[in-house]
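Enquirer: Dumping the structure here so I can ask a few things about it.
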Amino acid sequence: MNARTRPLAALCWSALALSASTACGPTAGSPGGCSEVTCAGCCAEDGTCVAQTSATACGAAGAACVACQEGETCEAGACVAAQAQCPAPSSAAPSARSDFALAFDPVGRQLVVFGGDPGVAVSCMPDPKFEGETWFYDVDCGVWTRSAEPGPSARARLAGAFDTRRRRFLVFGGRYRAQSSGAYTNYNEVWALTFGANGSKAHAWDPLVTSGEPPPAMSSTVAVYDEADDQLIVFGGNASTSGLSYAPNANVWALSLSDNVWTELVPKGTKPPAREFHAAVIDPKRHALVVFGGGDANAFTGPFLSDTWSFSLDTHEWTKLATTGPVPRGRIRGALAVDPERDRVLLFGGHDDGQIGERNDLWSLDFASGTWTRLREGDVFNTAGAGFCDFPSDFVTPDPDSPERREAHGLVTVPGRGIFLFGGRSDCGNLNDVWLLDPETATWRNQKPTFSGLSCQRSGKSGCTTLCF
Amino acid sequence: MRSMRLPILSLFVAAMTVPLACGTGRGMPVDGDGGPSDGAADGGLARPVEIGTGAEAFEPLSDGQTLPIIAGPQGGFHLWAAARVREPIDPENLSLRFRVLLDGGTQSDNTWKLSLVQNGDAWEWFALTEVLSNPDAVRGKEVEFRLDVTDTAGRTASDARRIIPVGP
């Protein structure tokens with residue numbers, strides 16, 4: 001028998017537990033004479049027995065009732081730390097998707113996901129679609145909940161960050177089109193998903209009214225929250241509305257969140273090449289924006305960028321990092337997350353311009369030295385395809401301890417837990433799995449499986465003859 | 001024909017004994033004799049296995065229902081297949097064999113081994129790609145869509161529906 005909770009078994013145990021508590025006898029109210037002989041619960045000050053103990057009157061075997069402290073509950077007559085009240089297990093989850101915005105709400109202890117692209121390629125040709133849903137993933141209970149609140153219109157290839165000072169999720173940019181061809185609508189508006197006070201799960205979306213000159217409407221950009229200066233930083237992106245060309249830039253904008261004013265941060269010295277599909281984080285110790293990879297105007301075919309840059313948010317100077325030593329292969333649509341305890345940033349996945357395409361390798365960039373180290377190789381290229389969109393089942397030798405190869409996924413740091421991975425696009429569709437990385441050991445643990453998007457070899461299917469289907 | 005559903009249950013009595021001793025027996029099959037049954041009709045008891053469809057959630061199937069043929073990312077064609085199981089079927093490392101049968105011939109035959117995900121009092125999996133080697137052979141025709149499960153203890157159960165693949 002497996003270790004999962006079984007409903008009938010649970011019912012049985014509940015019944016037993018109920019019987020046991022009933023057998024103990026609710027004798028509250030018997031005046032005086034409260035003792036271990038007469039009272040299975042605790043004795044109140046007036047000498048009555050409190051059989052149904054609670055956080056306000058806790059104890060057992062006729063002991064004097066005590067009031068538990070805040071954050072404690074009364075379990076079997078003893079005050080213990082309250083456990084998270086987890087909802088019932090459910091297979092509910094966001095649809096498999098890529099190109100969404102993801103952040104961590106440290107007060108609510110939940111991942112926040114908005115938007116994305118659930119479209120699955122047909123015969124290796126992309127078929128973009130757009131989501132406007134907001135989902136929350138409880139990192140302690142491992143349960144997804146969909147927001148019922150109205151929010152921004154559907155969009156993908158947007159950027160998001162969490163404003164920890166105001167407990168709100170900010171999203172910027174993105175693209176949408178109603179038809180399957182033609183021009184996209186790009187966005188440069190900022191929306192805020194603000195949560196209630198005191199850890200409340202209540203939330204509401206509102207557009208942020210800004211002033212100053214905003215960035216152009218664009219997709220495939222990055223947005224990070226600079227807590228030290230209380231600003232949202234945006235760098236690069238694709239302003240093209242065509243699905244057939246790219247218009248990348250290399251500009252940095254700051255949205256001051258104290259007054260909602262946009263300012264372009266004019267850099268000193270050499271700027272990095274213009275790009276989209278890159279990844280970025282804040283290096284909190286050096287108060288800098290760190291950027292890796294992406295694509296330029298040739299982002300359809302590459303070569304993709306493998307450079308790493310740091311932009312000082314104090315001096316507005318760019319510095320190229322990782323000029324010596326190994327570097328991750330150039331890629332688009334990879335993801336970064338800070339590992340603050342080890343003063344570094346981790347890179348997972350993305351799409352390269354080599355034989356393997358989608359990747360699931362794991363790298364770390366030491367902030368202090370600016371050098372990259374490969375932590376996990378991931379899947380290894382094995383057998384080439386026979387032609388366009390004709391890949392064999394042994395296209396790669398899978399690393400079973402790494403998540404499926406992917407791009408346009410989300411990676412976010414959860415202090416005290418590790419780094420969470422959600423979703424993305426694989427060779428075989430879109431994913432909606434959740435993984436947790438222990439950054440110290442570079443060990444992945446699956447938290448939620450994906451129902452789609454896995455290559456045949458990883459899907460549990462027998463007799464695979466092709467990579468996908 | 002009222003039903004071609006075939007939840008053929010080959011359930012071990014020993015495995016049923018413990019949960020039945022606990023109480024209601026909800027979720028248990030009503031017959032363990034290996035004959036056809038319809039749990040939903042026989043007193044409203046939930047079936048231990050149910051075939052379904054769906055890319056984003058388990059969706060029940062009805063006899064006579066049309067089911068879209070989906071074009072896959074690598075040029076193949078498939079139906080979305082889904083499974084839901086209840087006790088006494090053990091959802092860990094469960095073997096799920098889906099088949100599409102037409103006039104006694106097998107049009108598709110795909111097997112997975114998976115640990116299903118709990119959803120309420122059942123365990124389920126969806127978005128399985130029942131690949132059709134020749135979609136033209138079944139398009140627009142009523143076929144039997146069949147699921148056979150075998151758990152690690154050797155318990156087996158089956159379910160089937162008459163469906164009509166359509167498009168693309």
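Enquirer: How many angstrom separate the Cα center of the stretch A:300-367 from the Cα center of the stretch A:408-445?
Expert: Result: 16 Å between the Cα centres.
Enquirer: Okay, moving on. If I take all pairs of Cα atoms in the stretch A:192-344, what percentage of them are more than 25 Å from each other?
Expert: Roughly 34 percent, once rounded to a whole number.
Enquirer: Across the stretch B:103-110, in residue order, what do the Karplus-derived ³J(HN,Hα) couplings come to in whole Hz, using 6.51 cos²θ - 1.76 cosθ + 1.60 with θ = phi - 60° and x for Gly and Pro?
Expert: 6, x, x, 8, 8, 7, 7, 10
Enquirer: Still on this structure, I have one more. Angle check, please: helix A:7-24 long axis (alpha carbons) against the longest principal axis of chain A (alpha carbons), in degrees 0 to 90, nearest 10.
Expert: 30
Enquirer: Using only helices, what value at 222 nm comes out for the protein assembly as shown when you add -39,500 (n - 2.57) per DSSP H run of length 4 or more and divide by the total residues, to the nearest 500 deg cm²/dmol?
Expert: -1500 deg cm²/dmol, from helical runs alone.
Enquirer: Further question on the same structure: Non-local amide H neighbours of A:Phe451 (under 5 Å, H modeled in plane, Pro and chain starts lacking H): which ones?
Expert: Answer set, sorted by chain and number: A:Asn432.
Enquirer: Here's a follow-up. Can you put A:Met218, A:Met125 in order of accessible area, largest first, using a 1.4 Å probe? Present the calculation step by step, with values, prior to reporting the outcome.
Expert: Values: A:Met218 0, A:Met125 115 Å².
Descending accessible area places them as A:Met125, A:Met218.
Enquirer: While we're here: Largest first, what is the accessible-area ranking of A:Arg167, B:Arg162 with a 1.4 Å probe?
Expert: If we order A:Arg167, B:Arg162 from most to least accessible, we get B:Arg162, A:Arg167.
Enquirer: Just round it to a whole percent: the fraction of Cα-Cα distances in the stretch A:82-217 exceeding 20 Å. Provide the component values of the computation, followed by the final result.
Expert: Values: 4460 of 9180 pairs.
When all Cα pairs of the stretch A:82-217 are counted, 49 percent exceed 20 Å.
Enquirer: What percent antiparallel are the DSSP beta bridges of chain A, to the nearest 5?
Expert: Percentage antiparallel, nearest 5: 95.
Enquirer: Just how many % of Cα pairs in the protein assembly as shown lie over 30 Å apart, if you round to the nearest whole percent?
Expert: 61
Enquirer: Given that compact globular proteins tend to follow 2.2 N^0.38 Å, what is the ratio of the alpha-carbon Rg of the stretch A:225-311 to that value?
Expert: 1.14
Enquirer: Which one of A:Cys68, A:Phe169, A:Pro415 has its Cα pushed farthest toward the positive end of the charge dipole of the protein assembly as shown, where Lys and Arg give +1 and Asp and Glu give -1 at the Cβ?
Expert: So the residue furthest toward the plus end is A:Phe169.
Enquirer: How big is the shadow of the Cα convex hull of the stretch A:365-404, averaged over all directions, in nm²?
Expert: 4.2
Enquirer: In peptide A:458-469, how many Cβ atoms from other protein chains are near each Cβ within 10 Å, on average?
Expert: 5
Enquirer: Report Rg (one decimal) and Dmax (nearest whole number) for the stretch A:101-458, counting Cα atoms only, units Å.
Expert: Using the Cα atoms of the stretch A:101-458, the pair Rg, Dmax is 19.0, 58 Å.
Enquirer: May I pose another question? Direction-averaged shadow area of the convex hull around the Cα atoms of the stretch A:321-382, nm²? Provide the component values of the computation, followed by the final result.
Expert: Working: hull surface 17.0 nm².
Mean projected area of the Cα convex hull: 4.2 nm².
Enquirer: What length, rounded to one decimal in nm, is gained on full extension from A:Thr373 through to A:Asp438, with 0.36 nm per residue of separation minus their alpha-carbon distance?
Expert: 21.8 nm
Enquirer: Please report, in cubic angstrom per residue, the volume enclosed by the convex hull of the alpha-carbon atoms of the stretch A:330-426.
Expert: 97
Enquirer: Averaged across B:68-79, how many Cβ atoms of other chains sit within 10 Å of each residue's Cβ atom?
Expert: Details: counts 0, 0, 3, 6, 10, 20, 17, 9, 4, 1, 1, 0.
Partner-chain Cβ atoms within 10 Å, mean over residues of B:68-79: 6.
Enquirer: At a Förster distance of 41 Å, what's the computed FRET efficiency of B:Leu102 paired with A:Asp390, Cβ-Cβ distance as r, to 0.05?
Expert: The formula returns an efficiency of 0.90 here.
Enquirer: Whole-Hz Karplus ³J(HN,Hα) for the stretch A:42-56, in order, using 6.51 cos²θ - 1.76 cosθ + 1.60 and θ = phi - 60°, x for Gly and Pro?
Expert: Going residue by residue, I get 10, 9, 6, 4, 7, x, 8, 8, 9, 7, 8, 5, 8, 5, 8 Hz, with x marking Gly and Pro.
Enquirer: Can you tell me, using C-alpha contacts under 8 Å and at least 6 residues apart, the relative contact order of the stretch A:56-179 as a whole percent?
Expert: Numbers: 238 pairs, mean separation 24.1, N = 124.
Over the stretch A:56-179, the number comes to 19 percent.
Enquirer: In terms of solvent-accessible area of protein heavy atoms at a 1.4 angstrom probe, what is the ranking of A:Arg374, A:Arg331, A:Arg286, B:Arg47, highest value first?
Expert: Working: A:Arg374 125, A:Arg331 5, A:Arg286 90, B:Arg47 30 Å².
Ranked from most to least accessible, the order is A:Arg374, A:Arg286, B:Arg47, A:Arg331.
Enquirer: Could you work out the mean count of beta carbons from other protein chains within 10 Å of each residue's beta carbon in B:117-123?
Expert: Rounded to a whole number, the mean comes out at 6.
Enquirer: Please list, ordered by chain and number, the residues whose modelled amide H lies under 5 Å from the amide H of A:Glu133; skip anything fewer than 5 residues away on the same chain.
Expert: Sorted by chain and number, the residues that satisfy this are A:Gly115.
Enquirer: Also, I was wondering about something else. For the stretch B:68-77, take each phi angle, set θ = phi - 60°, evaluate the Karplus expression 6.51 cos²θ - 1.76 cosθ + 1.60, and give the result in whole Hz per residue in order, putting x for glycine and proline.
Expert: Whole-Hz 3J(HN,Hα) from phi for the stretch B:68-77: x, 7, 9, 7, x, x, 10, x, x, 10.
Enquirer: Magnitude of the Cβ-charge dipole of the stretch A:348-469, K/R +1 and D/E -1, about the Cα centre, nearest 20 debye?
Expert: Around 400 debye, computed over the stretch A:348-469.
Enquirer: Moving to a separate point now. Give the residue from A:Ala154, A:Leu436, A:Leu362 lying farthest towards the positive end of the charge dipole for chain A; charges sit on Cβ (+1 for Lys and Arg, -1 for Asp and Glu) and the dipole is referred to the Cα centre.
Expert: Value: A:Ala154.
Enquirer: So what is the relative contact order for the stretch A:101-458, in percent, with contacts set as C-alpha pairs under 8 Å and at least six apart?
Expert: Values: 968 pairs, mean separation 32.5, N = 358.
Reported as a whole number, the value is 9 percent.
Enquirer: Over all distinct Cα pairs, what is the inverse of the mean 1/r for the stretch B:76-121, reported as the Kirkwood hydrodynamic radius in Å?
Expert: Kirkwood hydrodynamic radius for the stretch B:76-121: 12.4 Å.
The values are calculated or read from the model by the stated rules, or taken from the named source; none is laboratory data. All values derive from a computational prediction rather than experimental measurement. Backbone-built Cβ (ideal geometry, glycine too); neighbour counts: all protein chains shown. Surface areas here come from the heavy atoms of the whole protein model, side chains and all, with no ligands, DNA or RNA. Shrake-Rupley method; radii C 1.70, N 1.55, O 1.52, S 1.80 Å.
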